[in-house]
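Every number here is computed from the coordinates shown, using simple stated rules; none is lab data. None of these values were measured; they are calculated from a predicted model. Reconstructed Cβ throughout: ideal geometry from the backbone, glycine too, with neighbour counts over all protein chains shown.
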Amino acid sequence: MSSTTQQCQIGLIGLGVMGKNLGLNLADNGYSVAAFDLDNDKVQSILSQDEIERGSQPARIHGCSSFEDMLGKLEKPYLIILSIPAGKPVDIVCGKLLELGLSQDDIVVDTGNSLWTDTVEREKQYHGKFTFFSCAVSGGEVGARFGPSLMPSGDKAGWARLEPVLEAISAKVDAKTGLPLVNNEPGNPVKEGEPCAAYIGPTGAGHYVKMVHNGIEYADMQLICEAYQSLRSALGLSPKEIAEIFREWNKGPLNSYLIEISADVLAQDDPVTGEPLVDKILDVAGQKGTGLWTALGSLEIGSPAMAVTASVYARALSGLKDNRVKASAILKGPATCKVEESEKEAYIQRVHDALYCSKICAYAQGFELMKKAGEIQGWDLDFAAIAKIWRAGCIIRAVFLQSITDAFNKDKELPNLLMDDFFAGQIEKFQSNWREAIVDGVRLGVAMPCFTSSLSYYDSYRSETTAANLLQGQRDFFGSHTFERVDEPRGQFYHLNWSGERDLVRIK
Ligand SMILES: NC(=O)C1=CN([C@@H]2O[C@H](COP(=O)(O)OP(=O)(O)OC[C@H]3O[C@@H](n4cnc5c(N)ncnc54)[C@H](OP(=O)(O)O)[C@@H]3O)[C@@H](O)[C@H]2O)C=CC1
Ligand SMILES: O=C(CO)[C@H](O)[C@H](O)COP(=O)(O)O
């Protein structure tokens, strides 16, 4: 911006891990940015980075000392992107901007991991004052810098204005192969290919989809951890040996960013002791809320996302470190906890197949959850488009997402990924190893909450009849809760007079 003539096109508030990188990404794509953070060191940090990266070009990012200063540096109508912690900070910043005179034509885009219901409320609250738009982002630091996956939703006119910006900064995939087009070189963003940014739907839809993305991310990470644990405990393999196995797996259907980084983490030595870093990292998992929200949301609407729930519980159990340490000295497992060397290759293959089948179930649950939520909320979610924008840029990016895209392209109304020919065939092919891997884990005393819950989900989902008939009988017995009959139309309820004549009464 030459200080007298040109104003910046985009205001950016919050210059932490994501904001700083989004700012540099915007700059690489030709947008001038007015950047503000409460912490002036972060403003200086993005300015210094811009100086290093832009070479002899004029400044692309302009530091701001206050909200007022930022608005003064922006062209009207304002386009302001928030990259700040979810919750109160978003309300505080929106309130402040409103005080400073935002008007109906201005857009504020929340790119944080906000709770989707908060987004819906905010849109209502600011309606008629300014456009509150949301654009959920996935991809972590590197994604934000060189191309994240973006899940925008909200006002259509807002989308029309934002579309070129969001498509420009998003990750890209090769239209023919569905593979990511990557160039992590500052100043040289990928321009060709299909953008990983698609309008998701009305307000709240984008944050809902991002929430489920993170729920799937939790499940995928937990499944990889269970594979690691199983290989480590039963075969006594070192982290580096497991890293090599994961690198091999990354050449096949499990190819994904999460497998790739898991191999890198396992191969890393601790700079302090020289021992494997993973053995020096405390086994207590953190969480910021999106996995829990997905689990709670799935329970609320009755869409079983057991892999997500199991992953959230696994993180909670990891937090019981002190108790686990005490229990480990008291509670005994099976006498045998290792497999024979001669079994090694077969065991590794079984764990691979278990990971693959469980992963299919976790994604099937996530997509089914979005389908049900979409129906309840009246969002017309396009699942092929959602799978498409997850093929690159985001944390769960994987070759596998192309098969999901294909499945929903074939059948827009597919009730569950398990019902797609390709995925049904894959599970049929690998299920015997999946079952064996779980039997191994149970026999050897290796905890596999996500593997086992995924298999139970599969076995329940494929059952024409479950034991819920007995359950309904139990409910009717103790609480006169009534039941429907298999030989009568749905919606007709009956009660058996359990404590009397045991006669059947039809309930009106
Ligand atoms: N990290 C990740 O991998 C991903 C994060 N997200 C989401 O993106 C958002 C940003 O995350 P991330 O960059 O990791 O978080 P950081 O904590 O690294 O950065 C947030 C920044 O916002 C600043 N900030 C907070 N409140 C205000 C305010 N009122 N006005 C101006 N600046 C403010 C913070 O300043 P200070 O530190 O001084 O408080 C901090 O510099 C979050 O909602 C997060 O959930 C989404 C996808 C991936
Ligand atoms: O959104 C993200 C990735 O997609 C963030 O990295 C998020 O913080 C991950 O969740 P958690 O911190 O709970 O593991």
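Structure above, values below:
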{"read-out": "Computed E for residue 385/residue 422 - FRET, C-beta separation, R0 22 angstrom, nearest 0.05", "value": "0.70"}
{"read-out": "Nearest-20 debye value, the chain charge dipole, Cβ charges on Lys, Arg, Asp, Glu", "value": "600 debye"}
{"read-out": "Fewest-first ranking of 138, 65, using other Cβ atoms within 10 Å as the exposure measure", "value": "65, 138"}
{"read-out": "Expected 222 nm ellipticity per residue - DSSP helices of 4 or more, -39500 (n - 2.57), all of the chain, to 500", "value": "-16500 deg cm²/dmol"}
{"read-out": "Distance in nm between pseudo-label sites at residue 53 and residue 413 (7 Å out along the Cβ direction from Cα)", "value": "4.6 nm"}
{"read-out": "Contour minus Cα-Cα distance for residue 288 and residue 261 (0.36 nm per residue)", "value": "7.7 nm"}
{"read-out": "Exposure proxy order (Cβ contacts within 10 Å, fewest to most) of 406, 155", "value": "406, 155"}
{"read-out": "Phi-based couplings in Hz for region 127-141 (Karplus 6.51, -1.76, 1.60; Gly and Pro marked x)", "value": "4, x, 9, 7, 8, 8, 10, 10, 9, 5, 10, 10, x, x, 4"}
{"read-out": "Entries in 288/338; 156/191; 344/410; 172/210; 176/251; 20/288 that, when Cα-Cα distance is taken, lie over 29 Å", "value": "288/338; 344/410"}
{"read-out": "Cα Rg over Rh - the chain, Kirkwood", "value": "1.02"}
{"read-out": "Between 0 and 90°, nearest 10: helix 449-461 axis offset from the chain longest Cα axis", "value": "70 degrees"}
{"read-out": "Exposure proxy ranking, count of Cβ atoms within 10 Å, fewest first, for 249, 498", "value": "498, 249"}
{"read-out": "Phi to ³J(HN,Hα) by Karplus 6.51 cos²θ - 1.76 cosθ + 1.60 over region 472-481, Hz, x for Gly, Pro", "value": "5, x, 4, 5, 5, 4, 8, x, 6, 7"}
{"read-out": "Candidate lysines for bridging to residue 326, where Cα separation is under 21 Å - those fewer than 8 sequence places away on the same chain excluded", "value": "280"}
{"read-out": "Helix 116-126 axis, angle to the chain major axis (alpha carbon atoms, nearest 10°)", "value": "40 degrees"}
{"read-out": "Relative contact order (percent, whole number), region 10-202, Cα cutoff 8 Å, 6+ residue spacing", "value": "19 percent"}
{"read-out": "Beta bridges per DSSP with both ends in the chain, % antiparallel, nearest 5", "value": "45 percent"}
{"read-out": "Theoretical FRET efficiency, 1/(1+(r/R0)^6), r = Cβ-Cβ of residue 508 and residue 317, R0 45 Å, to 0.05", "value": "0.45"}
{"read-out": "Amide H contacts under 5 Å for residue 84, placed H, 5+ residues apart", "value": "111, 112"}
{"read-out": "Under 5 Å, built H, 5+ apart or other chain: amide partners of residue 397", "value": "257"}
{"read-out": "Linear extension gain, residue 469 paired with residue 157, 0.36 nm per residue minus alpha-carbon span", "value": "107.3 nm"}
{"read-out": "Vicinal HN-Hα couplings computed from phi for region 206-223 (Karplus, 6.51 cos²θ - 1.76 cosθ + 1.60; Hz; Gly/Pro x)", "value": "x, 5, 5, 5, 5, 4, 5, 3, 5, x, 5, 4, 4, 5, 4, 5, 5, 4"}
